[in-house]
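Before any comments, here is the structure.
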Amino acid sequence: MDPEDVEREVAPGEVGELLARAPVFSGYWDNPEESAEVLLDGGWLRTGDLVRQEADGFYVIADRRKELIISGGFNIYPTEVEAAVRSMPQVEDVAVVGLPAEAGNESVVAAILPKEGQTVTLEQVREWAAKNLSNYALPRQIAILTEMPRSQIGKVLRRVVRDELLAAREAASGAATAAAVSIVEHFPGRSERKDSGQQEGGQDGKAGPHNNTASR
């Protein structure tokens, strides 16, 4: 179903939210508001999984609804961006998240764990990923990690990555921490280019314990 309108069924090949119906979930404990958001008429449950039906009838998971990145009116699926960036020879692993940007948009940020002895730049990432992604989905920033946060079963924790990047941004804007100074590469948006009159601009930032960030 359409994530924005659960009354509308999407066509095969389009990404929609998976609904399920089974007597296994009756709501969140002591949280009627959250329960009302996911429980629909007829006993249907909003799973939060965004899926696409293939030609053979099978469903492929595209992403989680809560991790969808929205920029310039476009829906950007972190899993697709991660697949493009992860295919780079220099990249060991990557987590893609959205960080708040101007005009209520989100900026696509790729938090990259490089392979040992390798370096990665924003220009390299964008040039490589452009082979498989639309321009609006290309990362506008990268952060270089020394460790990728994972769950006990090895799943990359995007939420933790996002929280750490937000904390690093706040520390950098405050300019009052003892964290090591590093660099976050930044691809300016249209409004930033207009203000600066340049294609690229930057600032020094401060990074949390798991990442090195920098701006140019």
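No lab work stands behind these numbers, since they all come straight from the coordinates. Only a predicted model underlies this, so the values are computations on that prediction, with no experimental measurement involved. For neighbour counting, all protein chains shown are included, and Cβ atoms are generated from backbone atoms with ideal geometry for every residue, glycine included.
Distance in nm between label sites at Arg150 and Ala130, each 7 Å beyond Cα in the beta-carbon direction?
3.3 nm
Classify region 75-185 as rounded, prolate or oblate, taking a ≥ b ≥ c as the square roots of the eigenvalues of its Cα gyration tensor: rounded when a/c is under 1.5, otherwise prolate if a/b is larger than b/c and oblate if not.
On the way: a/c = 1.42, a/b = 1.20, b/c = 1.19.
Taking the square roots of the gyration eigenvalues as a ≥ b ≥ c, region 75-185 is rounded.
How large is log10 I(q)/I(0) at q = 0.12, 0.13, 0.27 Å⁻¹ when the Debye formula is applied to the Cα atoms of region 1-81, each weighted equally and without solvent?
After summing over all Cα pairs, the log10 values are -0.39, -0.45, -1.35.
For region 18-126, which GluC sites (Glu not before Pro) pass both filters: DSSP loop (anything but H, G, I, E, B) and at most 12 other C-beta atoms within 10 Å?
Here the sparse-neighbourhood loop sites are Glu54, Glu116.
Roughly how many nanometres apart are two label points built 7 Å out from the Cα toward the Cβ at Val38 and Leu166?
Label at Val38, label at Leu166, 2.0 nm between them.
Would you list Val38, Val120 from fewest to most Cβ contacts within 10 Å?
Val38, Val120
Tell me which residues come under 5 Å, amide H to amide H, from Arg150 once H is placed; ignore anything under 5 positions away on its chain.
Leu157
With viscosity set to 0.890 mPa s and temperature to 25 °C, compute the Stokes-Einstein D of region 37-82, Rh being the Kirkwood radius across alpha carbon pairs; µm²/s, no decimals.
For the chosen part, D equals 200 µm²/s.
Sort 21-31, 163-173, 127-137 by the packing proxy (mean of other Cβ within 10 Å over each peptide's residues), most packed first.
Packing proxy ranking, top to bottom: 163-173, 127-137, 21-31.
On a full-extension model of 0.36 nm per residue, what is the gain between Glu92 and Tyr59, subtracting their alpha-carbon distance, rounded to one decimal in nm?
9.1 nm
Can you bin region 90-148 into rounded, prolate or oblate? Criterion: square roots of the alpha carbon gyration tensor eigenvalues sorted a ≥ b ≥ c, rounded for a/c under 1.5, prolate for a/b above b/c, oblate for the rest.
Numbers: a/c = 2.55, a/b = 1.46, b/c = 1.75.
Since a/c reaches 1.5 but b/c is at least a/b, the shape of region 90-148 is classed as oblate.
Using the crude model of +1 on Lys and Arg Cβ and -1 on Asp and Glu Cβ, and no other charge, please compute the dipole size for region 1-82 relative to its Cα centre, in debye to 20.
140 debye
Could you pull out the chymotrypsin sites (Phe, Trp or Tyr not before Pro) across region 48-110 that fall in loop regions by DSSP (anything but H, G, I, E, B) with no more than 15 other Cβ atoms inside 10 Å?
Hits after loop and neighbour filter: Phe58.
More than 25 angstrom separation, counting every C-alpha pair in region 6-163; what % is that?
Tail of the P(r) past 25 Å holds 41 percent of the pairs.
How much length is gained if the chain between Phe74 and Thr121 is pulled fully straight, taking 0.36 nm per residue apart and subtracting their Cα-Cα distance, in nm to one decimal?
Separation in residues times 0.36 nm, less the Cα-Cα distance, equals 14.4 nm.
Provide the net charge surrounding Arg86, with neighbours chosen by a C-beta distance below 12 Å and charges set as Lys +1, Arg +1, Asp -1, Glu -1. Walk me through the numbers before you get to the answer.
Details: positive: Lys115; negative: Glu80, Glu82, Glu92, Asp93.
Around Arg86, the surrounding residues sum to -3.
Among Val91, Val109, which comes first, second and so on when ranked by fewest other beta-carbon atoms within 10 Å?
Listing Val91, Val109 from fewest to most nearby Cβ atoms yields Val91, Val109.
What's the Cα-based Rg to Rh of region 46-139, Rh via Kirkwood?
Reported Rg/Rh, Kirkwood definition of Rh: 1.00.
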